[in-house]
Each structure stands twice: as C-alpha cells, then as structure tokens.
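J.: Can you keep this structure in mind? I'll have questions shortly.
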Amino acid sequence: MNTAYDDAHGTDSRNLDINDPLRARVAQAVAQVRATTPLAQSLTNFVTINLVANAQLAVGGTAAMHYSGEEAAALDHGASKATYINMGTLLEPFRTEYPAAARDAAEHGLPWVLDPVGAGAGELRGDILRAFAATPPTIIRCNASEAIALAGIWHLDGADARARAGVEASDEVDEAIDAAHALARFTGGIVSVSGAVDLVTDGERDFRLPGGSVWMTKITGAGCSLGGVTATYACVADPLTAAMAAALHYNRAADSAERESNGPGSFQVAFLDALWNTTADEIAQSPIYVS
Amino acid sequence: MNTAYDDAHGTDSRNLDINDPLRARVAQAVAQVRATTPLAQSLTNFVTINLVANAQLAVGGTAAMHYSGEEAAALDHGASKATYINMGTLLEPFRTEYPAAARDAAEHGLPWVLDPVGAGAGELRGDILRAFAATPPTIIRCNASEAIALAGIWHLDGADARARAGVEASDEVDEAIDAAHALARFTGGIVSVSGAVDLVTDGERDFRLPGGSVWMTKITGAGCSLGGVTATYACVADPLTAAMAAALHYNRAADSAERESNGPGSFQVAFLDALWNTTADEIAQSPIYVS
Amino acid sequence: MNTAYDDAHGTDSRNLDINDPLRARVAQAVAQVRATTPLAQSLTNFVTINLVANAQLAVGGTAAMHYSGEEAAALDHGASKATYINMGTLLEPFRTEYPAAARDAAEHGLPWVLDPVGAGAGELRGDILRAFAATPPTIIRCNASEAIALAGIWHLDGADARARAGVEASDEVDEAIDAAHALARFTGGIVSVSGAVDLVTDGERDFRLPGGSVWMTKITGAGCSLGGVTATYACVADPLTAAMAAALHYNRAADSAERESNGPGSFQVAFLDALWNTTADEIAQSPIYVS
C-alpha cells in the first residue's frame, strides 16, 4: 500500500523521519491521555453519541455530553479542557446553543473541534456554521465533501465554493486540498480530512496518513467519534499533535480490528478494544507522508 | 417448523414457487443495494437510531438521519431515494417536521416507510399519525398491536378499531390480519407485520415468513431497524419486493446469528455481521407461504 | 478483595447471613422479572438510552423510552409499573416534562428511580432537581459526587452542602455516606451509590456490595443502565430489594464479563450476555456487608 501511495504522489512526498519531534509529541499525547483521563465535552449528534463517548473512554479520556451553551460554560470553568461540536441531527435550539458553546471555549482560550457533518444541507446547519466563523474551531475534522462545502459557506478565497449537500464522503481527500488549506489559514488551526488516505494540514505542511480499514465506512460514527477523540487529544497537546495522534490512533486500531472481524458488528467491538490496546509507539511510528 | 406452520394454517397456504418472479426480484434487490449503496433518509427514535443506521450500512445502503422537514426536502432533491419515519421518542417539534417529511416524499414521488411505534399512546403521536393519512406511507412496518391501533386511528372500515397503547407486540400477527388488510387497501401500499411468523400483505395476497430468532425480541431496535432497512430496499425495488427482501434478509441473518450467540450482546454483534454476510440466494430462497 | 475490604471497614461490617430474608427476596425478584417481563418506562439521556433499554431487556424486563409527561401518564394507567428518570443531556422541554412524569408516578403510587447525572451543573438541571423534591424518588441511583450535590440542592441537614458539578465519579462512596443517609431520610426511600464498593442504604442500615469490574468505568452508561434496571426490579419488589437486586446483578455480571473481555468493546458485549445468563442464586448469594 505504501508503495502504491508513493507512486501516486511522486517524489514530493516523503515519510516523516522516525526521529522527528512530532512523532515524540504524538507518543507523549497518547501516554498523557491514558495517564490523566482528561475531560472533553461534546455537543454531538444523536446517531453516534454513544460511540463518541465510548471512543473517548477507550483512548483513556473522560466524556461529558450535553446540548447546552450554559453547561458548556459551566464545564469550561471546571474540568473540561476541550469542546467537540458535531453538526449532525440538529434541533432548532442548537441554533443558539452551539455557537454559545463555541464562543465560550474561545473566551476561555480552550481548543474546540468541529465536525461539520452534512455541511451544505439545510438552512439551520448553514446558519450555525456561519455563526462559528466568529470564533472559529481550533481543529476541523471532516470528509472531503464537507471541507469543500464549509469553505464555500465561509466564502474563503482559494477554495472551491461549491456548496454540496451530503453526509457521506463523495470526494477523494485530494479534491479537498485547496479547501482544507483555505480552512486552515482562515481558522489559524488544523484541518483533518478523513479518507482512504487521511490528510492533516496546518495550511502549510500536508501530512498524509495511510492505512485504516474500509470497515470504517461500514459502521456509523467512525468520523464522528474521531472528532470526539481529537478533542480528547486536544486536552493535552497542541492542535497539530492532537489531530495527528487521533487520526493515527484510529488508523492503527482499525488495522488491528480488521484482522479480527467477520463483519461490521464484530469490527466495531474489535475497534473499541483496539483503541484501548494499541500502544503509543505503534501509533507514533505509523507511516506519515509529509509534503 | 415449516411442518408445524403448515398444520396451523391448513391447505390455504403454500410455499411460493421457487421460480416465482418475486423471488428473483428479491435477489435482485439484495444485489442492487450492495452494488449501488443507495441513500435512505430516516427520522427515527433516539433509542435505536444507531442500530437503524448500522443495519442500513450492513445491508449495503447509506444512511442519513435527521429531524427536519427542511432537510428531508433538501435530501429528496438530491441523493435520497426513500424516507423512513419512526414514531418513537417524539418531541414537540416533530408534530410538524414529520408530516412535512412525509409530504415531501409524496410530492417527489419517493417511497416512504412508516413504523408506527407505540400507536395509541399519547396525543402528540395520535396527531402526527392522523396527519400522515393525507400522504400515506408506501410501506408500514409494525407489530400486530400497532397495526390494530393505526387502523383504529385512521378509522378504517373492516379493522378492529380498538386503539391500544403499547410499544411491545402484545398480539399475534394473525390477530392483526384484518387491520393489515385495511391499512394496505387505504394506503395502496404494503403492510409488513413482524412476529414469530411475519406477515407481508398488499391487501390481496398474504405472504407469511417463518424463521428468525427469539433473540430479536431481547434486543431493542430489531423492528425499528427492519423499518430502516425496508426503506433502504425501497430505494431500489417496488414496495412489495422491498418489504419482502427486508423481512427475509432479517430472518436469515437472525437464524445465522442465533447459532453464534451466548446472549443478547453477542446476538446483536453477530446479527450485524450476518446482515453483511448473508447471500442474496439465501434470502430469496427462504420459505414464503402465500395465501 | 473481601479481606482487604474487611480490613478497611473493621469490625462494624459483617457479611449478611446467607439465610437472611433479604437474600431470598433478591432471588425472587430476579426470577420474577424473568418470568413476568415487567415494563418500566424511562426518560433518559441520549448517550446511553440504547444501553438502558438493552440492559432492561437483558435482565428480563420490558422497556419503553420517551420524553413526555403525557406519555408517562398514559403508560402509568396501563402497563408501566415503575418509572426511571435520568438527568443527562437535558433539553429545555424536559423542564416541565420530567417533573410531570415524577408527579404522575407518585399520584399512581408507582415507584420511580432517579439518576441525578451531573447534579450541580447548570441551571436547568438544578431547576428540575429542585422540582423533584415535591414528589421525591423511591430510589436514587448515583455516584458519590452526585449524592453530595443533590443533598446540597435539596438543602438537607446533615449533608455536605457543597454543590459540585460533574458527570463522573470524583469522590469515593464513603465520602458520600452522610449525603446518602440524608437523601434516604428525606425521600423515605433507598439510595444506591455506585463505586468500587457500592453502597445501598435506607438511611438506617448500610449495605456494601464489593466486586464488579473496573471496565464498568471504561464504557459509557454502566451507571445509567443500572438505574434503568433498578426501575425494572422496582416493578416487582420493594425498593430496598430492587436496589440490591439490581446492584448485585450488575456486579456479578461484570465479574463474569471481565473474564471474557479484551477491552471495552468486548466487555460491553459480554456484560449484556452475562446479565442474561447470571443465575438468581449467583446474584442473591453475593457478599453483602451490612453495618
């Protein structure tokens, strides 16, 4: 797979040196979450809220789920070190509650992670996403379609402004590269685009992460729960390290789970087990193509 | 089991000819969902929303869950080919959102599947179910109690008009036969009543589908997720074929999962695996008693 | 473990006689739930609603989940024998719906179980918890932090009035002993505090239940679903017996599941299987330290 990947991406891409400090920071983030069980709060959709919480626990974190700007503020004054907001299954009250939670995180100087699920579908979703532009997310975790749609919603220069509706990935990651760069430059943060080969970018450097499992597309919530785990890692690490640690942890756990699965049911069980059991070194020593 | 079933239902019932075109249509629907991953959207209860989505993915479809008439319309203009509405865990806004989604499906000429969970319990549920009469569902997936209650709510001739409350099956399928016929004639569609032996009817012909597993009643969401999978099949097949394919797929997967289970936890895991692994031929060659 | 426990608690604590009538009542409750599949209704959070329902089914009960005082009343007039209210993931309409459900249970003389998740966090939660004081719960199932916070919210004498926010257990059970006693005396019911060693008290006698698994803290919903199962047992038994049966059933099932688990995913599957398979005698003959 690595060879095929190299062929496709030519000589601009090289595997990150095994001694690069980023790898050490990833390993440290994994160990630190397990040692300190940090709390990330989540405002997330009803479909996969259980998996988000269980994935956060399985990597060693602590979970608190709610739908309230007021509770977000209460938690930000206390134990919560990062916030995750996921745009699935919106209800009308979320129009004000979600932007309030984003504002509160920003006011406390705490990182927040956005999963713009379904960006481009519906006026309520568009209104909330536009409101987020005032206090933009520290990390965006999305698929290619959503990156393109969100860049359009925020009218970003250099991005393909097509606003596409849809909750499933319909574009390859590389089609979203311009949008991802534009989003990262606008937010000053990190964009993590999931696909067959994941992309993590700060708008300058692109990190491509091969591996993972096709089963991830045959269970609901792989992407949503990766967003939640990214917030868990953002409790203890800088945004780039957090996005990398979460995506690499997911890929290595998925590799392992695939070997023990007979279908999507057993895959999800094995995946949660593997999140718990995968070592910090396995995660940090993953192939990482940088360009 | 088949023999006992025959004894109970006498000579009016015969196994559908192995070469009947309906069986070929069922096999084709199973293959086509797996080949084309069609999108059915769902407005469904919070208890089992995750299982509905995972079951739709496990049969090969694509899932999009929300609670909004506006999003239903957006999806109907785009990728969604069928809608599923399930009446569990209602919130007040669903009073207008759910009928709007049903209307939108009807206006787009797209099939929609209703699961009237808890029909007879509560005024809000009654109001929404009454509103559905204006644009009735293409397929109703329910248990016997709910069929009887819904026929009563719609004041259908020939149906037992007792409005019973309850979320669990308390009647045998055959007690609901008049209600099922009345519902099918009123909607011009299909009624699929789940039980120890399932009933699928268009109001003229009755198809009875033996098999499945008692474990299906010991996990939450077997019926709800069958409704969702019925919508997935309605994306690619006529309503009768869709209802048959979904119910047969469920019965064969449950047969298989039961053999690998030690309790309700392992049954659900094995069931999702089996939805993925059961072949189109296994499904289409199931016993089908027609009368 | 028992030895260490004895050491820690000295001579005031003794194992309940193997022939104590309470053990017989526990065994009878377990058998009766399995024989009669009683219905407990739940108004519970969106994170773990699926596990609550599946756990209630796995111990032999029947589940009905909703968010409506009106539906609570409809079910209380019918099949429901107990109500469970869990304070996670509150939405604004629950401000009136949850107290209405509690009132309705009280007016019908039916038991209701409260899980005060996150007590101390947010005004909405505080308002609802204060409203419950008018028709207090028959059984409170909580962790130590929540017991302390709830006693403070209700201004109970003898309790530590610190109102702490938080959804995760941060105090040891014994730190909450005064709060638990105050709550039990105020409600006239039972308080069940989960921890490494669980505490069940009626305000006079304290029962401590060792065992269970640390994995229970690494899946979401162990406590929430124990609350639901407590309501299931309250359908067929007095409050003390119900709280004891539920907590002991959970501990024995967790012991068993831990032996078959490789991580949090397989633990949850094995735990649901074990709820189904653990015998009434295994549950009733558990170590029970009384003081």
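The values are calculated or read from the model by the stated rules, or taken from the named source; none is laboratory data. Computed from a predicted model, the values in this text were never measured in an experiment. All Cβ positions, even for glycine, are placed from backbone atoms using ideal geometry, and neighbour counts span all protein chains on display. These area figures cover heavy atoms from the full protein model, side chains too; ligands, DNA and RNA do not enter into them. Shrake-Rupley method; radii C 1.70, N 1.55, O 1.52, S 1.80 Å.
J.: Determine the total buried accessible area between chain B and chain C, counting protein heavy atoms only with a 1.4 Å probe; round to the nearest 100 Å².
T.: 1900 Å²
J.: Over the protein assembly as shown, what percent of the accessible surface lies on carbon and sulfur atoms, probe 1.4 Å?
T.: 50 percent
J.: In percent, how large is the relative contact order of chain C, given Cα pairs closer than 8 Å and 6 or more residues apart?
T.: Taking the mean separation of contacting Cα pairs over the length of chain C, I get 22 percent.
J.: Could I ask something else about it? DSSP loop (so not H, G, I, E, B), at most 11 other Cβ within 10 Å: list which chymotrypsin sites (Phe, Trp or Tyr not before Pro) in segment A:85-160 pass both filters.
T.: Nothing satisfies the criteria.
J.: Which of the residues in segment C:264-284 show a loss of at least 10 Å² in accessible area from their chain by itself to the complete set of protein chains, at a probe of 1.4 Å?
T.: At a threshold of 10 Å² (probe 1.4 Å), the residues of segment C:264-284 that become less exposed are C:264, C:265, C:266, C:268, C:269, C:272, C:273, C:276, C:277.
J.: Hey, with R₀ at 35 Å, roughly what FRET efficiency would residue C:238 and residue A:34 work out to, going by the Cβ-Cβ distance, to 0.05? Let's see the in-between values first.
T.: Values: r = 43 Å, r/R0 = 1.23.
About 0.20, to the nearest 0.05.
J.: Once the label point is placed 7 Å from Cα along Cβ, list for residue B:281 the distances to the corresponding points in the other copies, in nm, shortest first.
T.: 4.9, 4.9
J.: Using only atoms on other chains, find how many Cβ atoms lie within 10 Å of each Cβ of peptide B:67-80 and report the average.
T.: Rounded to a whole number, the mean comes out at 4.
J.: Here's a follow-up. Between residue C:109 and the same site in the other copies, what are the distances in nm, shortest first, taking label points 7 Å from Cα along the C-beta direction?
T.: 6.2, 6.2
J.: Need one number: convex hull volume per residue for segment C:174-265, Cα atoms only, in Å³.
T.: 92 Å³
J.: Using a 7 Å offset from Cα along Cα-Cβ at residue B:135, what residues in segment B:172-186 end up with backbone N under 19 Å from the label point?
T.: The answer is B:186, whose backbone nitrogens lie closer than 19 Å to the label point.
J.: So, one more: Ratio of alpha-carbon Rg to the 2.2 N^0.38 Å globular estimate for the protein assembly as shown, to two decimals, please.
T.: For the protein assembly as shown, the normalised Cα radius of gyration is 0.92.
J.: Once the convex hull of the C-alpha atoms of chain C is built, how many Å³ does it hold per residue, rounded to a whole number?
T.: Normalising the Cα hull of chain C by residue number yields 110 Å³.
J.: Could you check the spin-label model distance between residue B:14 and residue C:204? Points 7 Å from the Cα along Cα→Cβ, value in nm.
T.: Here the answer is 7.4 nm between the modelled labels.
J.: Give me the accessible area per residue for segment C:2-290, probe 1.4 Å, as a whole number in Å².
T.: Solvent-accessible surface per residue comes out at 33 Å².
J.: While we're on this one: Need the C-alpha centroid separation for segment A:40-77 versus segment A:251-287, integer Å.
T.: 22 Å
J.: Separation between the residue B:279 and residue B:77 pseudo-spin-labels, each 7 Å from Cα along Cα→Cβ, expressed in nm?
T.: 4.5 nm
J.: With the label 7 angstrom out along Cα to Cβ, how close does residue A:15 come to the same site in each of the other copies, in nm, nearest first?
T.: 5.7, 5.7
J.: Which helices of chain B meet both criteria: a Cα extent of 27 Å or more along the helical axis and a mean Kyte-Doolittle score no lower than -0.5, with helices taken as whole DSSP H segments?
T.: Taking the DSSP H segments of chain B (at least 27 Å long, mean hydropathy at least -0.5), we get B:239-259.
J.: Kindly identify residues of segment C:33-48 having a loss of at least 50 Å² in accessible area between the isolated chain and the assembly of all protein chains, probe radius 1.4 Å.
T.: Checking the loss per residue gives C:46, C:47.
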